[in-house]
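Q: Handing you a structure now.
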Amino acid sequence: MRALNPISRFAALALGGIVALTFAWTLVAGWLAMPVSALSEYVLETAASGWVQNAELEGPRSLVVNSSVMVANEQTGWRRAEAVVEVDPARYGYGLPVLVAMLLAAWGPGRLWRILAGYLALVPLQVFSVVSQVLMQLCLTAGLDLNVLGIHGWQLNAIVYSYQMGGLMVPTLAPVLLWLLLDMGFVRRVLLPAWNRQRSRAAAPVAEPASPRVRRQAPQAEAALALDGADGLPLVSSSSVAALPASGGKSKPPAAS
């Protein structure tokens, strides 16, 4: 059986690891997100104190934020009430199994410390995603009304862009970029040489098979064969008759004069 090249081997191990580790991550996602929950509470109560009164973790996957934003909608019976937002701190942690799978697929020493460093590096990025989600939900609850929110238009735009980055770009791109940063040695030592070998083989010219050569006979031989008699035997030229022995007897020496 032909062995897989390093690129195919890495891709197969990474994809299989992502499927298996993502399933395992769903079972413990809330507990892995506990540092994210604690840091999100601190950031919301400190950086957004004008909106957030307090934030409490009511479960591994339930962060409840009590705000001072007054809203009146169908849920409040059209009476003014303080908006309450509930988010899942582990929602944006799905990049962790992707990072771990890629680190394990890149065989070599130092896997454990790379996994730990990657986990710690993902925590502040997940905090950014959670905080931007809370702020965006508060803006939507207030109907994006700048007077109710008490902010300027550029601040609302910054919250919208932060929510888009934190919800789409950061969870998907961060694991890949962190893997490149932590495993650049594997990329340079294994993947890049294998890629260059594949490109060189693809760019090499394909040698065309040599056409078979037919050995042609001399013109004299072709003419002799073309003049075969009726008996199927080739005709002999007159220049070669003297060299042939007479049929039916032995050759006699010439008589003396």
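The values are calculated or read from the model by the stated rules, or taken from the named source; none is laboratory data. None of the values given here were measured: they were computed from a predicted structure. Positions of Cβ are backbone-derived with ideal geometry, glycine not excepted, and every protein chain shown enters the neighbour counts. Protein only, heavy atoms only, side chains kept; ligands, DNA and RNA dropped before computing areas. Shrake-Rupley method; radii C 1.70, N 1.55, O 1.52, S 1.80 Å.
Q: Which condition number does Trp51 fail, the rest of (1) out of contact with any Ser or Thr (no Cβ under 9 Å at 6 or more places or on another chain); (2) within 28 Å of Leu144 (Cα to Cα) being met?
A: (1)
Q: I've got another one for you. Would you say Trp78 is of a type outside the set (Gly, Ala, Ser), at pLDDT below 90 and farther than 20 Å from Leu178 by Cα?
A: On the way: of a type outside the set (Gly, Ala, Ser): yes; at pLDDT below 90: yes; farther than 20 Å from Leu178 by Cα: yes.
Criteria met by Trp78.
Q: Among the residues of the stretch 179-197, how many are open to solvent by less than 80 Å² (accessible area, probe 1.4 Å), more than 24 Å from Leu120 (Cβ to Cβ) and not aliphatic (A, V, I, L, M)?
A: Total satisfying the criteria: 1.
Q: Shifting gears a bit: Say we look at the stretch 29-53 and pick out the residues that are touching a strand residue (DSSP E or B) at 6+ places or on another chain (Cβ under 8 Å) and open to solvent by less than 50 Å² (accessible area, probe 1.4 Å); which of these is nearest to Phe128 (Cα to Cα)?
A: Here the residue is Ser40.
Q: Limited to the stretch 81-124, what total is found for residues that are open to solvent by 20 Å² or more (accessible area, probe 1.4 Å), within 22 Å of the chain's Cα centre (by Cα) and at pLDDT below 90?
A: Matching residues across the stretch 81-124 total 3.
Q: Quick one: in the stretch 146-167, of everything that is without any contact (Cβ under 8 Å) to a residue 12 or more places away in the chain and surrounded by 12 or more Cβ atoms within 10 Å (Cβ to Cβ), which residue is farthest from Ala106 (Cα to Cα)?
A: First pass over the stretch 146-167, keeping only residues without any contact (Cβ under 8 Å) to a residue 12 or more places away in the chain: 146-147, 151-155, 157-158, 161, 164.
Subsequent filtering for residues that are surrounded by 12 or more Cβ atoms within 10 Å (Cβ to Cβ) retains 146, 151, 155, 158, 164.
Values: Leu146: 50, Ile151: 48, Gln155: 42, Ala158: 38, Gln164: 31 Å.
Out of the qualifying residues, it is Leu146.
Q: Take the stretch 61-75 and flag every residue that is modelled with pLDDT of 90 or more and open to solvent by less than 10 Å² (accessible area, probe 1.4 Å).
A: Within the stretch 61-75, Leu63, Val65 meet the criteria.
Q: Here's another thing I want to ask about it. Residue check, Val71 against (1) within 22 Å of Leu125 (Cβ to Cβ); (2) more than 33 Å from the chain's Cα centre (by Cα), all met but one. Which one?
A: Here Val71 clears every test but (1).
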